[in-house]
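One structure below.
The values are calculated or read from the model by the stated rules, or taken from the named source; none is laboratory data. Computed from a prediction, not measured in an experiment: that's the story for all the values here. Counting neighbours? That spans all protein chains shown, and the Cβs are built from the backbone with ideal geometry, glycine included.
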Amino acid sequence: MWSKPSAMFSALREAQRRIVTLWLFLARRRVAVLFCDAGALFLAVYLGYALRFTIFFDLTQAGSNFFRALLVFEGTVLGTFWLGGVYRVLWSQASVEEYVHLAGLYVLGVFLFGLADKMIPGFVMPRTSLAIMVVTGLLFVSALRASWRACARPICPPGPRPRRTIIAGAGDAGAMLARELLRHEGDMAPVGFVDDDPQKGRMKVAGLPVLGPLDSLSEVIAREEIQVVLVAMPSAPGHVVRRLLSFTGDASVEVRVLPSLRELAGGTLSVSRLRTCRLEDLLCREPVKLDNDGIGEIIRGKVVLVTGAGGSIGSEICRQILDHAPGELLLLGHGEHSLYCLGEEICRRAKETPMRLLVADVADPVAMAQIFSRYTPAVVFHAAAHKHVPLMEHNAREALRVNALGGWTVARLAGEYGAERVVMISTDKAVNPTNVMGATKRVAELLLQEAQEAYPGTAYMAVRFGNVLGSRGSVVPKFEQQIAAGGPLTVTDPEMRRYFMLIPEAVSLVLQAGSLGRGGELFVLDMGDPVRIVDLAEMIIRLHGLRPGVDIPIVFSGLRPGEKLFEELFYDPKSVSRTSHDKIFFTHLGGLQGAKLSQAVEEGLGGDDPGVREMLGRWVPTFRGTERA
């Protein structure tokens with residue numbers, strides 16, 4: 001009859017598809033599911049009587065007891081199901097929780113049936129029949145739903161073979177992810193797990209074997225011909241993800257991760273939430289514990305000014321300040337586009353908080369005086385600065401104007417208009433600086449102390465930290481661009497090290513430090529351990545599924561003007577004290593004895609770049625101010 005075997009195969013698959021489609025159609029209709037349950041319960045009652053008396057039980061001669069038992073049993077169970085929301089569940093995608101809920105409602109329905117058995121006169125039912133129908137009834141209604149779930153797996157036409165996938169982490173997240181992958185066949189086929197829990201060794205989770213601990217990942221990749229590694233550990237710190245990445249070795253595998261618990265909050269865990277592994281996942285540390293009451297006390301209901309609001313640090317400060325209900329938020333920046341984009345982004349979060357977008361130069365005393373006189377901010381977060389090290393080496397006067405004079409202008413006006421506190425963002429490059437940017441930020445710290453002495457009613461403080469991932473001009477976007485261009489990645493020196501933080505963590509600690517300060521403090525954030533830039537480059541290459549030195553070469557270009565191999569956090573580590581927060585340290589701002597630094601800075605702006613560099617060398621002795629860039 002069939003001319004070709006492929007035609008028969010196609011016809012069988014089409015018939016199977018139609019049956020599955022009809023079955024799933026029933027599973028999606030509440031009344032259809034109810035009628036299916038009614039049939040299953042009828043069969044259960046029939047078997048209860050048939051197995052008690054005879055397999056060929058005659059319904060016409062069963063008497064009133066059978067029909068009464070059938071009506072009451074179906075009425076109590078189906079009524080309980082309906083009121084309990086069983087028919088609002090999409091059973092083709094149900095989880096264990098829905099089945100537990102179903103069983104609980106079934107038990108309640110059976111209990112109500114038992115009460116009816118005692119209360120209806122003349123209603124006598126054999127105990128054996130009762131036991132059989134109760135057990136088989138639960139079995140049948142559960143089997144119906146399990147069949148719908150089994151049929152929900154799509155019938156995929158022949159095509160490319162899905163990629164063999166290993167899941168790192170056999171916890172709840174990993175198990176849910178595995179079930180999702182198995183139920184919705186796509187381009188990934190899970191073959192098992194790796195997990196460090198010894199109790200899961202050689203066991204099965206979601207029907208897949210646990211193939212070994214995390215340390216065996218490289219062996220599992222080679223043995224099972226793995227093409228994709230899924231990291232299903234949303235709460236894992238960065239060092240665990242780095243460890244997993246190192247186990248991939250030179251294998252060209254794709255690494256994808258579930259987002260962190262913060263990113264998953266309010267959402268569902270599914271395959272669609274998987275994303276490529278980012279550098280933030282590798283450097284993420286334990287969540288920061290904050291004293292939100294202390295932060296809220298300095299912000300709630302007050303006018304807050306954020307300078308440099310359009311930048312990466314300033315914009316995050318604005319976002320986090322909104323969580324503490326300020327009375328009014330002033331967003332000040334010099335770049336109108338970035339400021340406009342920020343306003344569009346956070347206006348939805350502002351709710352009842354008034355916001356004002358102010359375009360001004362922090363080193364313009366007239367414009368800044370007008371802003372302070374009109375709005376009189378109580379709290380100022382000063383994040384505006386020029387921060388690009390090589391660029392500022394060739395623009396020393398501009399760096400001094402914005403970083404030093406701009407900081408002094410903001411600090412002076414805050415004192416004159418009675419602000420409660422000023423928090424300035426500083427940098428680890430201000431410690432023993434070898435570049436113009438670091439030297440001008442150190443001058444800004446010294447000027448802050450001068451402002452503290454001139455305006456004791458205002459609490460001035462600076463917060464110093466290292467590099468933040470995702471900030472403009474940082475090394476990571478540069479590496480990404482070089483990889484997109486096919487390489488090579490340029491690293492200045494094999495031994496160059498830098499401290500790194502995530503922007504949200506750094507800003508959270510800035511707000512916390514701002515609540516701790518009483519005036520004249522220089523806070524330093526715990527940056528963790530420094531990271532070798534060449535290691536960072538290798539990690540980024542592996543994140544793209546490529547091999548360092550093979551697919552993407554790394555070349556060393558040498559130190560640029562103003563760069564140094566290691567950054568420091570303190571001038572004198574012996575003078576550093578702990579605060580009440582374990583990730584925040586403090587020392588004193590310090591100052592130039594008997595010097596009016598602010599006046600010298602204003603006068604110094606009349607010179608050219610070499611003159612500015614020479615003056616920086618006098619004000620900050622560790623800066624080699626006589627060298628030309």
How many of the residues in region 411-432 are surrounded by 24 or more Cβ atoms within 10 Å (Cβ to Cβ) and either polar (S, T, N, Q) or free of Cβ contacts under 8 Å to residues at least 24 places away in the same chain (or both)?
2
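For region 296-318, how many residues are out of contact with any helix residue (DSSP H, G or I) (no Cβ under 8 Å at 6 or more places or on another chain) and assigned to a loop (DSSP other than H, G, I, E, B)? Even if it seems obvious, please write down each step before you answer.
The initial filter retains those residues of region 296-318 that are out of contact with any helix residue (DSSP H, G or I) (no Cβ under 8 Å at 6 or more places or on another chain), namely 296, 300-302, 314.
Checking the rest, the ones that are also assigned to a loop (DSSP other than H, G, I, E, B) come to 301-302.
Result for region 296-318: 2.
Within region 433-471, track down each residue that is in contact (Cβ under 8 Å) with a residue 40 or more places away in the chain and polar (S, T, N, Q).
Residues of region 433-471 that are in contact (Cβ under 8 Å) with a residue 40 or more places away in the chain, as a first pass: 433-466, 468-471.
Hits for region 433-471 are 434, 435, 440, 449, 452, 458, 471.
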Kindly evaluate residue 464 against the criterion of being part of a helix (DSSP H, G or I) and on the phi < 0 side of the Ramachandran plot.
no
Among what's in region 540-581 and is modelled with pLDDT under 75 and within 23 Å of residue 484 (Cα to Cα), pick the residue that is farthest from the chain's Cα centre (by Cα).
545
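Can you list the strands (runs of 3 or more DSSP E) found entirely within region 338-427 that contain at least 3 residues being under 25 Å from residue 464 (Cα atoms)?
Values: elements: 355-359, 379-382, 421-427.
Qualifying strands (runs of 3 or more DSSP E): 379-382, 421-427.
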Total residues in region 381-400, condition more than 33 Å from the chain's Cα centre (by Cα), crowded, with 22+ Cβ neighbours inside 10 Å and closer than 20 Å to residue 332 by Cβ
1
What number goes with the only condition from (1) of a type outside the set (Gly, Ala, Ser); (2) at pLDDT 65 or above; (3) within 17 Å of residue 126 (Cβ to Cβ) that residue 57 does not pass?
(2)
Qualifying positions in region 319-328 - part of a strand (DSSP E or B) and surrounded by fewer than 24 Cβ atoms within 10 Å (Cβ to Cβ)
328
Looking at (1) surrounded by fewer than 17 Cβ atoms within 10 Å (Cβ to Cβ); (2) within 39 Å of the chain's Cα centre (by Cα); (3) at pLDDT below 60, find the lone condition where residue 29 falls short.
(3)
Assuming residue 141 fulfils every condition listed in (1) more than 30 Å from residue 109 (Cα to Cα); (2) assigned to a helix (DSSP H, G or I); (3) modelled with pLDDT of 85 or more apart from one, which condition is it?
(1)
Determine, yes or no, whether residue 187 is out of contact with any Leu (no Cβ under 7 Å at 6 or more places or on another chain), in contact (Cβ under 8 Å) with a residue 24 or more places away in the chain and not polar (S, T, N, Q).
yes
For region 185-207, state whether one or more residues are farther than 18 Å from residue 245 by Cα, under 23 Å from the mean Cα position of the chain (by Cα) and surrounded by fewer than 15 Cβ atoms within 10 Å (Cβ to Cβ).
no
Restricting attention to region 468-488, report how many residues are buried (at least 22 other Cβ atoms within 10 Å of the Cβ) and either among the polar types (S, T, N, Q) or more than 30 Å from residue 296 (Cα to Cα) (or both).
1
Lone qualifier among 344, 286, 352 - being at pLDDT below 85, acidic (Asp, Glu) and over 30 Å from residue 528 (Cβ atoms)
352
Number of positions in region 199-234 that are in contact (Cβ under 8 Å) with a residue 24 or more places away in the chain, farther than 12 Å from residue 167 by Cα, part of a helix (DSSP H, G or I) and not hydroxyl-bearing (Ser, Thr, Tyr)
4
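Here are 404, 369, 399, 325: which of them is in contact with a Lys or Arg (Cβ under 7 Å, 6 or more places away or on another chain) and either among the hydrophobic types (A, V, I, L, M, F, W, C) or over 23 Å from residue 452 (Cα atoms) (or both)?
Details: 404 fails: in contact with a Lys or Arg (Cβ under 7 Å, 6 or more places away or on another chain); 369 fails: in contact with a Lys or Arg (Cβ under 7 Å, 6 or more places away or on another chain); 399 fails: in contact with a Lys or Arg (Cβ under 7 Å, 6 or more places away or on another chain).
Answer to the selection: 325.
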